[in-house]
Amino acid sequence: MDEAYAALTPDHVIQAVESSGRRCDARVFALNSYENRVYQVGIEDEAPLIAKFYRPGRWSDAQLREEHAFTRELAAAELPVIAPLADAHGETLFRDGPYRFALFPRKGGQGLEAGDPEQLYRMGLLLGRLHAVAASGTFQARPRLTAERYLDQPREAVLQLLPSHWLTAYQDVLAGIRHEVEASGVFDWPGLRCQGDCHPGNVLWTRDDGPWLLDFDDCQTAPAVQDLWMLLCGDERERRLQLDELLAGYETFRELDRRELALIEPLRALRMVHYMGWLAMRWQDPAFPSAFPWFGTEACWSEHVQDLGRQLERLREQGRNDGWQSLN
């Protein structure tokens, strides 16, 4: 059993938050989060705060502080992002016993409406502004998008759980995906500081201010389009129309190298591999089997291998149409 959060009781959460100099009112509500543990904590005579306890061992202190510094840099440029709060000494990363945590202001909002043109245009404006700021600096501690992180480590985790009769099919399709993804040049692209996991679940839509971006836990150096493509949904025609709205907003503030559009399908393939690897790596955490009861079933492996096979065909088709040639 994963003991990472075994000692993180409500009393411990209150104790940790109060160690930052605040006085809790004993109201602690767990919020949906699997990689980390996140709580809304009531504060006496103040608005509630969000306390985020980081999974032990995942990121170094330097990586977490660089994430915080990046988010606060964006907030200082008046971008609508949820940045961590600092103490009187400018510290944003706190420690209580074995846990490191950060505190954030609570922000209300709704999710994005799938495919909504106006919301996509507003997201494009936000991401164009974000990348204009991001391009002015570089990460030193945060990781890059690499084959090791998005192919090798997930593959090894999946192989620990994969039934033997799926072994050959899984390894064959993954070898094909590796070949096509590497040929695309995605790992060689210089990239810039990105939010890294910009899907609709990491966006709050507010009636007055439009979109707010939260959770920079996966910020990394990656192609700019990494922060765009996960906002698209539907069939190919719908995604093209949505992409037009995103780019119309984005390029108000920053031009996108259109060669990056050829990286969308390779990035989609990497996310498919990485997601299953993430579930496999975390399967001993008690929160995961209850939240993802379908994972590890025969139907799960069958669907995953078939999905990877279909994605491989998309990559090969794009490569046959000289999709990779312009990137190398």
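Remarks
- Some residue of the range 126-135 being exposed (fewer than 14 other Cβ atoms within 10 Å of the Cβ), assigned to a loop (DSSP other than H, G, I, E, B) and in the same structural domain as M272 (by TED's automatic domain parsing): yes
- Hits in the range 146-178 (condition: among the polar types (S, T, N, Q), over 18 Å from G309 (Cβ atoms) and in a helix (DSSP H, G or I)): Q153, S164
- Boolean, F288 is in the same structural domain as R155 (by TED's automatic domain parsing), touching a Leu at 6+ places or on another chain (Cβ under 6 Å) and under 30 Å from R37 (Cβ atoms): no
- In the range 176-230, the residues that are surrounded by 19 or more Cβ atoms within 10 Å (Cβ to Cβ), aromatic (F, W, Y) and touching a Gly at 6+ places or on another chain (Cβ under 9 Å): F216
- Taken together, the residues in the range 52-107 that are within 18 Å of R142 (Cβ to Cβ), in contact with a Phe, Trp or Tyr (Cβ under 9 Å, 6 or more places away or on another chain) and of a type in the set (D, E, K, R) amount to 5.
- Matching option when the condition is closer than 21 Å to P80 by Cβ, out of contact with any His (no Cβ under 9 Å at 6 or more places or on another chain) and without any contact (Cβ under 8 Å) to a residue 40 or more places away in the chain, among D235, D208, D215: D208
- With respect to the conditions (1) acidic (D, E); (2) more than 17 Å from V181 (Cα to Cα); (3) at pLDDT 95 or above, E313 lacks only one, and its number is (2).
- Total residues in the range 156-175, condition among the small types (G, A, S), within 27 Å of the chain's Cα centre (by Cα) and crowded, with 16+ Cβ neighbours inside 10 Å: 1
- Candidates P117, P98, filtered to the one that is of a type outside the set (K, R), more than 30 Å from S19 (Cα to Cα) and either assigned by TED's automatic domain parsing to the domain that holds V17 or surrounded by 14 or more Cβ atoms within 10 Å (Cβ to Cβ) (or both): P117
- Where helices (runs of 4 or more DSSP H) sit wholly within the range 231-307, those with at least 2 residues that are of a type in the set (A, V, I, L, M), over 28 Å from L127 (Cα atoms) and at pLDDT below 95 occupy 287-291.
- Residue within the range 87-109 that is within 30 Å of D244 (Cα to Cα) and assigned to a helix (DSSP H, G or I) present: no
- The range 184-195 residues that are in contact (Cβ under 8 Å) with a residue 60 or more places away in the chain and more than 19 Å from A269 (Cα to Cα), paired with ones that are aliphatic (A, V, I, L, M) and in a loop (DSSP other than H, G, I, E, B) (beta carbon under 7 Å, 6 or more apart): L192/A135
The values are calculated or read from the model by the stated rules, or taken from the named source; none is laboratory data. As the structure is a prediction and not an experimental result, all values here were calculated from the model. Note: ideal-geometry Cβ built from the backbone for every residue, glycine included; neighbour counts use all protein chains shown.
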